[in-house]
Structure formats: structure tokens, C-alpha cells
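The values are calculated or read from the model by the stated rules, or taken from the named source; none is laboratory data. Note that this is a predicted model, so its numbers are computed, not measured. Every residue, glycine among them, receives a Cβ derived from its backbone with ideal geometry; neighbour counts consider all protein chains shown.
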Amino acid sequence: MNKKVIMWSVLFLVVMGLYIMGEGVIFIEGARVKFAAILLVSITIYYYIDRASSGKDIYLRKIPGLEALEEAVGRATEMGKSVLFVPGIMDMDQVETITGLNILGYVAEHTAKYETALNVPVSRAIVMEAGREICKESYLKAGRPDLYYDDMVHYISDEQFAYAAGVNGIMEREKPAACFYLGKFYAESLILAETGNSIGAIQIAGTGSPSQIPFFVTACDYTLIGEEFFTASAYLSQKPELLGSIKGQDIVKLLVMIAMVLTVVLNGLYQAGWIGFNILSLF
């Protein structure tokens with residue numbers, strides 16, 4: 001068995017022992033299962049972060065939508081057309097907006113590398129400033145700071161449908177070859193995606209809004225659904241600490257699903273009178 005697995009297992013047992021000894025004095029009484037669950041989650045995630053940081057391979061399945069980002073920029077370059085990036089309609093207090101801007105950095109780096117025009121219309125002033133800094137850094141990283149200009153990230157309107165109308169106008173006039181919708185969206189999602197579809201652009205969308213995902217799936221070539229969207233930063237950057245964190249979270253989800261199934265089965269056996277232990281008494 002791996003030495004680190006043994007080490008983390010011993011650490012788990014030691015900390016649980018300290019909790020039991022200090023229960024009711026230092027720690028809250030009657031919360032052993034909750035404490036053990038939190039401890040197990042923390043150790044699992046940290047174990048995989050440590051594993052990734054030490055150079056071990058961390059497998060993440062391929063996500064077609066993220067794999068297609070560079071391909072879409074390349075298509076726009078071949079056609080001599082621009083790339084349109086829409087980071088949603090909400091401010092920086094939304095995690096979807098932050099995730100979208102992280103992906104913008106990746107896209108901007110490739111538009112700089114391929115010398116392709118990039119257009120980023122936004123609906124919030126703070127998002128505009130953040131987007132400009134991200135694009136400037138990406139163009140500098142790609143070795144083409146001369147191609148960057150502030151107006152590639154520009155403000156349209158705070159109003160939802162005024163913003164949608166402005167972006168639609170850009171699509172109809174410029175006919176971008178690639179359209180990315182990555183952020184927080186509401187009712188304007190289908191309006192934007194249908195317009196992009198009508199001009200023949202390759203479209204990649206991603207959002208955490210469950211009610212908008214069906215519209216993107218219908219009208220776009222690729223859609224990042226839920227957690228696929230939020231893992232983009234780790235997937236694109238390939239940073240060990242991020243990859244390890246994602247892998248650790250996946251293992252935790254697997255453990256939670258196993259625990260749920262076992263709880264249902266054991267509770268059913270208890271209700272049928274086949275066993276005398278009530279699993280629900282632990283919670």
C-alpha cells in the first residue's frame with residue numbers, strides 16, 4: 001500500500017481519536033459522523049492535491065467543449081473573421097462570470113497567437129475592467145502586446161435586452177466565425193445563440209444556470225453543462241493543485257453516492273426487521 005495513503009489514514013484515526021477524547025469539552029457532543037465526514041473530505045482532497053503536485057498523473061476525462069476552444073479560434077483565423085466572447089450579463093459577484101473571464105484569458109491568448117480579432121462586449125463596468133486586464137495579460141503572455149487595445153473589451157448596457165440587442169447587432173454586422181457564451185445568462189441566452197446560429201458561427205456555451213442550458217444545447221455546437229463549466233480553469237491551465245482538487249472532489253462525490261446507497265439499503269433492512277441497528281441514528 002502507498003506510504004502516503006497509510007500516513008493519511010493514520011492522521012484520520014488520530015484526529016478522530018482526539019475528537020472522541022475531547023467530545024463535550026472541546027468539541028461539540030454528538031457530531032462524530034459530521035466531524036468524520038468533514039475530516040474525510042478534507043484529507044481526500046488534500047491527498048490528491050499532494051499527489052498531483054508531486055508529479056503523479058491525474059486523469060480527467062476529455063471535455064469536448066473545452067477541447068474545441070482552440071479549434072474554434074483556428075477556424076475564425078482561417079476564415080479571416082473575428083471571435084466574439086460574451087461573458088454573461090452579471091457582475092463579478094457571480095462565480096459564472098469569474099469562470100467565464102478565466103476562459104477568456106485562454107481564448108485571448110490564442111487570438112493573440114493567431115493574430116485574430118477579438119470582440120468582448122460586456123454589460124458591467126467592473127467586468128469590463130477585469131476583462132481588459134485579463135486580455136492584456138494574455139496578449140503579453142503570447143508575446144504580442146502590440147495587438148492588444150482596450151476597446152476589444154467594451155461596455156454596451158446594464159439593461160438585459162438592450163445588451164442582447166447590442167450583441168446581436170455586432171453579430172449581424174461583423175459576422176464572427178466563432179461565438180463563445182460563457183458566464184451567467186438568463187432569457188437572452190436563446191436570442192444570442194439563435195442569432196449566432198443564423199450567421200453560421202461555431203458556438204461554444206457554458207453556464208451554471210439550469211434553466212438556460214437547454215437553449216444552449218439546442219442552438220450551440222458545444223455546451224459546457226454545470227460542473228464541466230466550473231472545471232474549465234483546472235482543465236485549461238493543467239495546474240497540478242487545481243487538477244488534484246478536482247480529482248479529490250470527484251472521489252468525494254463517489255464516496256457520498258456509496259454512502260447514500262448503503263444508508264438506503266441498511267435502513268431498508270432495519271425497517272424489515274432483518275437487522276437491529278438503525279443507521280439513521282448516526283445522523
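Here A68 fits the description: surrounded by 11 or more Cβ atoms within 10 Å (Cβ to Cβ), within 20 Å of the chain's Cα centre (by Cα) and not acidic (D, E).
Filter region 143-198 down to the residues that are of a type in the set (D, E) and surrounded by 19 or more Cβ atoms within 10 Å (Cβ to Cβ) and list them by number. Across region 143-198, the qualifying residue is only E188. Only residues that are in a helix (DSSP H, G or I) and exposed (fewer than 12 other Cβ atoms within 10 Å of the Cβ) were counted across region 34-65, and they come to 1.
Figure legend. Inter-residue proximity from region 73-90: first residues touching a residue at least 24 places away in the same chain (Cβ under 8 Å), second residues in a helix (DSSP H, G or I) and small (G, A, S), beta-carbon distance below 7 Å, spacing 6+ or different chains. Indicated pairs: S82/A76; V83/A76; P87/G100; P87/G131; G88/G100. Of the set (1) outside any helix (DSSP H, G or I); (2) more than 25 Å from V217 (Cβ to Cβ); (3) touching a Cys at 6+ places or on another chain (Cβ under 8 Å), all apply to V86 but (2).
You will find that of F229, F185, the residue that is out of contact with any Cys (no Cβ under 7 Å at 6 or more places or on another chain) and modelled with pLDDT of 95 or more is F185 and no other.
Given the criteria aliphatic (A, V, I, L, M), in contact (Cβ under 8 Å) with a residue 40 or more places away in the chain and in a helix (DSSP H, G or I), does L255 qualify? Yes; evaluated as a whole, the condition is true for this residue. In region 91-107, the residues that are within 12 Å of F229 (Cβ to Cβ) reach residues that are of a type in the set (D, E) with C-beta atoms within less than 9 angstrom, at least six apart or across chains, in these pairs: T97/D91.
For E129, are the conditions met, namely being more than 19 Å from S233 (Cβ to Cβ) and touching a residue at least 12 places away in the same chain (Cβ under 8 Å)? No, not satisfied. Entry remark, region 216-236: residues being surrounded by fewer than 23 Cβ atoms within 10 Å (Cβ to Cβ), assigned to a helix (DSSP H, G or I) and without any contact (Cβ under 8 Å) to a residue 60 or more places away in the chain number 4 in total. Would you check if there is a residue in region 78-101 being more than 22 Å from H154 (Cβ to Cβ) and among the charged types (D, E, K, R)? Yes, region 78-101 has at least one match. On the stretch given as region 199-239, residues that are over 10 Å from the mean Cα position of the chain (by Cα), polar (S, T, N, Q) and closer than 15 Å to F85 by Cα total 2.
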